[in-house]
Amino acid sequence: MTKSTDNTVPKLMLQKRFLLQAVLFVALFSMLFMALYQPFSNTTWFGFNTWKQSGVTILFYFVAVPTLIMSKLLLSGMSKLHPISVRRFLWWHIAEFIVIATEYYLFTVSFKLGLSRELPQLLIRIPSCVALILAIPYTIVWFYAQYKAKKEELELFKVTHNRETMESGHRLIQFRDSQGKHKMSLSEDSIFYIESQDNYVQIFYNLEGKLSSYLLRCSTQKIEEDLDGTSIIRCRRSFLVNTAKIARYGKEHGHLTITLDHPSGKTITVTPAYYRAILTQLDNREAQQPGV
């Protein structure tokens, strides 16, 4: 088991989906924070007390939020090329803060919403205000990602030391990341499906009767090659499914759908390109069953 003690950022912090959710959290947090902070500050003009104030506030969000989204998309894209260190991650967010603070300053001096501070004083007060707004939600997001990473480590420990898995007689599959480092071993029979997410794949498997998952930095094509010869094959562009875990299948709205043998009842639609391969695997499975 590999512990997350290296100088890299938790992988959750580089997932496109998670980063965009973080932007939404920051935007909502800033609205609440500014509503509470505004009465105690003469450099804060956020609010909806007047038409002008409301218009400027909304306009600022139309500028600041796309800035954050673009920043997160670029960060996620860079992480596909090489690992992001904590230092680089920190400098990235410092640059992000400078851009947002500059936008806030330009709005402040352009619309002049009755602020009493002179421009030199604004240059001091505005950065501290923006830093506070961004630092609090980003710190919460960071600790949440760290919590998820530690929880994942604990699950990996359980999987690695699961006696039932080791003594089950089923083939053990070694999962390695894009750099070839071994991350975990799972019994083929415990795996339900694998979903690709950007430059990661999320492996869904059974752990003590519960559907658990592990996020592995690896391309879908690479993991498909590693699983060649197993019962786990691709059923659509972003999904691989364990055909041994298919409870039922049939056509729905002209498409083949498969339902997994799990209480969650996960249903996946098979695309035409993988239709034949899935049916062949299912036919082979039925032919190998006793009495068939």
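With the structure loaded, tell me whether Thr269 is at pLDDT 85 or above, under 19 Å from Gln202 (Cβ atoms) and out of contact with any Pro (no Cβ under 8 Å at 6 or more places or on another chain) or whether it fails that test. I'd like the intermediate steps shown before the answer.
Values: at pLDDT 85 or above: yes; under 19 Å from Gln202 (Cβ atoms): yes; out of contact with any Pro (no Cβ under 8 Å at 6 or more places or on another chain): yes.
So Thr269 passes the test.
Filter segment 12-42 down to residues that are of a type in the set (Phe, Trp, Tyr), more than 10 Å from the chain's Cα centre (by Cα) and surrounded by 13 or more Cβ atoms within 10 Å (Cβ to Cβ) and give me whichever is modelled with the lowest pLDDT. Spell out the reasoning first.
Quick first cut of segment 12-42, residues of a type in the set (Phe, Trp, Tyr) only: 18, 25, 29, 33, 37, 40.
Subset that is more than 10 Å from the chain's Cα centre (by Cα): 25, 29, 33, 37, 40.
From the residues that got through so far, the ones that are surrounded by 13 or more Cβ atoms within 10 Å (Cβ to Cβ) too are 25, 29, 33, 37.
Details: Phe25: 92, Phe29: 86, Phe33: 76, Tyr37: 64.
Among residues in segment 12-42 that are of a type in the set (Phe, Trp, Tyr), more than 10 Å from the chain's Cα centre (by Cα) and surrounded by 13 or more Cβ atoms within 10 Å (Cβ to Cβ), the one modelled with the lowest pLDDT is Tyr37.
Looking only at segment 198-235, which residues are within 20 Å of the chain's Cα centre (by Cα), farther than 19 Å from Gly180 by Cα and of a type outside the set (Gly, Ala, Ser)?
Phe204, Tyr205, Leu211
Looking only at segment 145-165, count every residue that is out of contact with any Leu (no Cβ under 8 Å at 6 or more places or on another chain) and modelled with pLDDT under 75 and tell me the total.
So the count comes out to 8.
Based on what the data block shows, is Glu96 modelled with pLDDT of 90 or more and open to solvent by less than 50 Å² (accessible area, probe 1.4 Å)?
So Glu96 passes the test.
Scan segment 126-148 and report the pairs whose first residue is in contact (Cβ under 8 Å) with a residue 24 or more places away in the chain and more than 14 Å from Phe18 (Cα to Cα) and whose second residue is among the polar types (S, T, N, Q) and part of a helix (DSSP H, G or I), with Cβ atoms within less than 7 Å and a gap of 6+ or a chain change.
Cβ pairs passing all conditions: Ile126/Thr108; Ile133/Ser30.
So, of the residues in segment 59-73 that are under 19 Å from Phe18 (Cβ atoms) and at pLDDT 90 or above, which turns out to be surrounded by the most Cβ atoms within 10 Å (Cβ to Cβ)?
Here is the first cut: in segment 59-73, the ones under 19 Å from Phe18 (Cβ atoms) are 65-73.
If we keep only those that are at pLDDT 90 or above too, we end up with 65-72.
On the way: Val65: 15, Pro66: 11, Thr67: 15, Leu68: 20, Ile69: 15, Met70: 13, Ser71: 18, Lys72: 22.
Once the filter is applied, the top-ranked residue is Lys72.
Scan segment 236-244 and tell me whether some residue there is part of a strand (DSSP E or B), open to solvent by less than 60 Å² (accessible area, probe 1.4 Å), out of contact with any Cys (no Cβ under 9 Å at 6 or more places or on another chain) and more than 25 Å from Gln174 (Cα to Cα). Reasoning before the result, please.
Taking segment 236-244 as the starting set, the residues that turn out to be part of a strand (DSSP E or B) are 236, 239-242.
The next check asks that each one be open to solvent by less than 60 Å² (accessible area, probe 1.4 Å); those that pass are 239-242.
The next check asks that each one be out of contact with any Cys (no Cβ under 9 Å at 6 or more places or on another chain); those that pass are 239-240, 242.
From what is left, the residues that are more than 25 Å from Gln174 (Cα to Cα) are none.
No, segment 236-244 contains no residue that is part of a strand (DSSP E or B), open to solvent by less than 60 Å² (accessible area, probe 1.4 Å), out of contact with any Cys (no Cβ under 9 Å at 6 or more places or on another chain) and more than 25 Å from Gln174 (Cα to Cα).
Of the conditions (1) out of contact with any Cys (no Cβ under 8 Å at 6 or more places or on another chain); (2) assigned to a strand (DSSP E or B), Phe175 fails just one. Which one is it?
Result: Phe175 fails condition (1) only.
Using beta carbons and a limit of 9 Å, which pairs, at least six apart or on different chains, have the first residue in segment 184-202 and touching a residue at least 40 places away in the same chain (Cβ under 8 Å) and the second one among the acidic types (Asp, Glu) and surrounded by fewer than 19 Cβ atoms within 10 Å (Cβ to Cβ)?
Phe192/Asp261; Ile194/Glu224
Which condition number in (1) more than 20 Å from Arg17 (Cβ to Cβ); (2) open to solvent by less than 20 Å² (accessible area, probe 1.4 Å); (3) at pLDDT 85 or above is the one that Ile233 fails?
(2)
Applying the selection to segment 245-266, what residues are part of a loop (DSSP other than H, G, I, E, B), more than 21 Å from Asn206 (Cβ to Cβ) and either touching a Leu at 6+ places or on another chain (Cβ under 6 Å) or open to solvent by 70 Å² or more (accessible area, probe 1.4 Å) (or both)?
The answer is His253, and nothing else.
Here is a check on your reading of the model: is Asp228 in a helix (DSSP H, G or I), out of contact with any Lys or Arg (no Cβ under 6 Å at 6 or more places or on another chain), open to solvent by 30 Å² or more (accessible area, probe 1.4 Å) and more than 30 Å from Leu74 (Cα to Cα)?
For Asp228, the condition - in a helix (DSSP H, G or I), out of contact with any Lys or Arg (no Cβ under 6 Å at 6 or more places or on another chain), open to solvent by 30 Å² or more (accessible area, probe 1.4 Å) and more than 30 Å from Leu74 (Cα to Cα) - is not met.
Can you say whether Leu211 is touching a residue at least 12 places away in the same chain (Cβ under 8 Å) and open to solvent by 20 Å² or more (accessible area, probe 1.4 Å), as far as the supplied structure shows? If you could, list the steps in order and put the result at the bottom.
On the way: touching a residue at least 12 places away in the same chain (Cβ under 8 Å): yes; open to solvent by 20 Å² or more (accessible area, probe 1.4 Å): yes.
So Leu211 fits the description; yes.
Could you please find all residues in segment 185-222 being farther than 20 Å from Ser264 by Cβ, part of a strand (DSSP E or B) and either among the small types (Gly, Ala, Ser) or out of contact with any Cys (no Cβ under 8 Å at 6 or more places or on another chain) (or both)?
Of everything in segment 185-222, those that are farther than 20 Å from Ser264 by Cβ, part of a strand (DSSP E or B) and either among the small types (Gly, Ala, Ser) or out of contact with any Cys (no Cβ under 8 Å at 6 or more places or on another chain) (or both) turn out to be Ser185, Leu216, Arg217.
The values are calculated or read from the model by the stated rules, or taken from the named source; none is laboratory data. Note that the coordinates shown come from a computational prediction; the quantities given were computed from them, not determined experimentally. All Cβ positions, even for glycine, are placed from backbone atoms using ideal geometry, and neighbour counts span all protein chains on display. All accessible areas refer to the heavy atoms of the entire protein, side chains included, with ligands and DNA or RNA removed. Shrake-Rupley method; radii C 1.70, N 1.55, O 1.52, S 1.80 Å.
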